[in-house]
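Here is the structure we will look at, set down as structure tokens.
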Amino acid sequence: MATRTEQKAATRESIIAAAEQLFGEKGLLSTTTAEIARAAGVSHGALFVHFPRRDDLQQEVIGRVGTRIARAVHDASTEGAGLEAILRCHLNAIAAEETFYSRLLAEGPMLGMAARSAIIGIQSAVAHHLFAGETGRLPDMALWFNTWLGLVHHYLLNRDLFAPTGSVLERYGETLIAHFTGLVARNGGKT
Amino acid sequence: MEKAEDFAMRDESKEYCRFCARPDGSMQDYSEKLESMSDFIVRTQGLSSDAARRAAREMLSELPAWKEMPKSN
């Protein structure tokens, strides 16, 4: 039989899972705490016991998604791992969170500073690994990183046009990697 | 921090990571960490120095060591 502490932790996890699902489906801005509580199977009041402010829950979800992406890129960045392998891992990690991550991108400019900083933090973790090797010798790292993110984010933000059914990254990921690594190679970087 | 290399000087008894350590292994103070984190954001993401600094303050406020630090100037 689960202890009270275990039950509390399980309730918290079910709230976070429901929030991530609904934020992805409906958007971070338009999902209400009442809807999250209903989807998690808890009372509205119970949700606030775990997350006194709606922003606390939102930050928890963004933080967890960001940690999963950063961890995946970190784990792929073993000694000798090339740029192509790290980019592929980056895309696979986003693909696992594609619906939520795309919503986060679309609504990012309308979210508060804490949420925007969390997004910047996710990109910092990715940038750290992308530029750890030979790529770090390319001039103007920010322009290279933004070229990669701009490419990927454009496809994600317009995923309904590029891939009306299924994952846009599954469909175009390899094309994006080949295009970007080609650009890097033509500019003297190692891929 | 999970692996030895994640810890400052690979010393698992330390409560801070290698990114928060000075070359001699001691922990950076808040202003050093804020400065290095802001610089990294500017260098890799190209944000303005003000925006990078605001973001770095927010991020540091999530870390146990700096929870009490103000998020604004």
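The values are calculated or read from the model by the stated rules, or taken from the named source; none is laboratory data. Here the structure is a predicted model, which is why all the values come from computation and not from measurement. Quick note on the areas: whole protein, heavy atoms, side chains included, nothing else; ligands and nucleic acids left out. Shrake-Rupley method; radii C 1.70, N 1.55, O 1.52, S 1.80 Å.
Could you grab the Rg to Rh ratio for region A:1-52? Cα atoms only, Kirkwood for Rh. Provide the component values of the computation, followed by the final result.
Values: Rg = 11.2 Å, Rh = 11.1 Å.
Radius of gyration over Kirkwood radius for region A:1-52 works out to 1.01.
How much of the calculated P(r) for region A:68-191 lies past 19 Å, in percent of all Cα pairs?
47 percent
Write down the radius of gyration of region A:36-104 and its Dmax, each obtained from C-alpha positions, in Å.
Here Rg and the maximum Cα pair distance are 16.2, 51 Å.
Roughly speaking, to the nearest percent, how much of the protein assembly as shown's 1.4 Å accessible area is carbon and sulfur?
Details: 7460 of 14070 Å².
Result for the protein assembly as shown: 53 percent of the exposed heavy-atom area is carbon or sulfur.
Find, to one decimal place in angstroms, the Kirkwood hydrodynamic radius of region A:26-141, where the mean of 1/r is taken over every pair of different Cα atoms and then inverted.
One decimal place: 15.8 Å for the Kirkwood radius.
List the accessible area buried at the contact between A and B, summed over both sides and calculated with a 1.4 Å probe, in Å² to the nearest 100. Please report the intermediate quantities before stating the final value.
Values: alone 10130 and 5270 Å², together 14070 Å².
The A and B chains share an interface burying roughly 1300 Å².
Hey, can you grab everything whose amide H is under 5 Å from the amide H of A:Thr31? Only 5+ residues off in sequence or another chain; H modelled, so Pro and N-termini drop out.
HN-HN under 5 Å from A:Thr31: empty list.
What are the principal axis extents of the Cα atoms in the protein assembly as shown, in Å, biggest first?
58, 51, 41
With axes computed from alpha carbons, what is the tilt in degrees of helix A:54-76 against the longest principal axis of chain A, rounded to the nearest 10 within 0 to 90?
The angle comes out at about 40 degrees.
Between helix A:168-186 and chain A, what is the angle of the helix's C-alpha long axis to the longest principal axis, kept within 0 to 90° and rounded to the nearest 10?
So the helix axis and the longest Cα principal axis differ by about 30 degrees.
Angle, helix A:83-95 long axis vs. longest principal axis of chain A, Cα atoms, 0 to 90°, nearest 10?
The angle comes out near 20 degrees.
List, by residue number, every residue in region A:82-117 with a reduction of 10 Å² or greater in accessible area between the chain on its own and the complete protein assembly, 1.4 Å probe.
Buried on complex formation: A:Met113, A:Ala114, A:Ser117.
Probe of 1.4 angstrom, ligands and nucleic acids ignored: what's the accessible area per residue over the protein assembly as shown, in square angstrom?
Accessible area per residue: 53 Å².
Taking the alpha-carbon centroid of each part, what is the distance from region A:104-174 to region A:16-70 in angstrom?
Measuring centre to centre over Cα atoms gives 23 Å.
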